[in-house]
Amino acid sequence: MLEEPETPSRLETTMDFNSILIGSEDPARLVEYYSKLFGEPTMSEGGYTGWQLGSGFVTVGPHDQVKGKNAHPGRIIWNIESPDVKGDFERFKAAGAIVIAEPYRFEDVAPEASTATSEASIATFADPDDNYFQLMSPMEM
């Protein structure tokens, strides 16, 4: 008998996004940077260091296929949900975060994608390897 293929609704109940691993030629530099923003790491073992943010992890570690800065920093952008984007933006900025874009409303850059007026904000940062990440207001699902 053939098994039923996975359907999106079934995958949504059996899968959970767990973490992101940021490979670097100089992971110590990234650990120093992210520690200023996120505080003391939650784990550090075998050359890998991570911070738990909500239910997921951001981990930094060495990777032999990564050299220098990210040539395409916008290719993958990871997001941190925050109910206070402006407040957390100011806190990150004061801690030395590399600011790419100050808080803005999604509707301001993509009005055609907006379905309702919202005060939702996004702020974009980079790490020293030029990997982009964002603070985002919670999204309704």
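List of remarks:
- Residues satisfying the stated conditions in the range 28-47, i.e. closer than 18 Å to Ala126 by Cβ and surrounded by 15 or more Cβ atoms within 10 Å (Cβ to Cβ): Leu30, Val31, Tyr33, Tyr34, Ser35, Leu37, Phe38
- Among the numbered conditions (1) in a strand (DSSP E or B); (2) open to solvent by 100 Å² or more (accessible area, probe 1.4 Å), the only one that Gly50 does not meet is (2).
- Checking Ser44, Ser35, Ser19, Ser55 one by one, the residue that is touching a helix residue (DSSP H, G or I) at 6+ places or on another chain (Cβ under 9 Å) and among the small types (Gly, Ala, Ser) is Ser44 and no other.
- Check on Glu12, of a type in the set (Asp, Glu), open to solvent by less than 100 Å² (accessible area, probe 1.4 Å) and modelled with pLDDT under 95: no
- Residue list for the range 48-77, restricted to those being farther than 17 Å from Val31 by Cα and not small (Gly, Ala, Ser): Asp64, Gln65, His72, Pro73, Arg75, Ile76, Ile77
- Residues of the range 15-27 that turn out to be of a type in the set (D, E, K, R), open to solvent by 90 Å² or more (accessible area, probe 1.4 Å) and at pLDDT 95 or above, as a count: 1
- Tallying residues that are open to solvent by 100 Å² or more (accessible area, probe 1.4 Å), under 19 Å from Thr124 (Cα atoms) and touching an Asp or Glu at 6+ places or on another chain (Cβ under 8 Å) within the range 53-92 yields 1.
The values are calculated or read from the model by the stated rules, or taken from the named source; none is laboratory data. Computed from a predicted model, the values in this text were never measured in an experiment. Because the Cβ atoms are built from the backbone with ideal geometry, glycine has one as well, and the counts that use them run over all protein chains shown. In case anyone asks, the SASA skips ligands and DNA or RNA and just uses the protein heavy atoms, side chains included. Shrake-Rupley method; radii C 1.70, N 1.55, O 1.52, S 1.80 Å.
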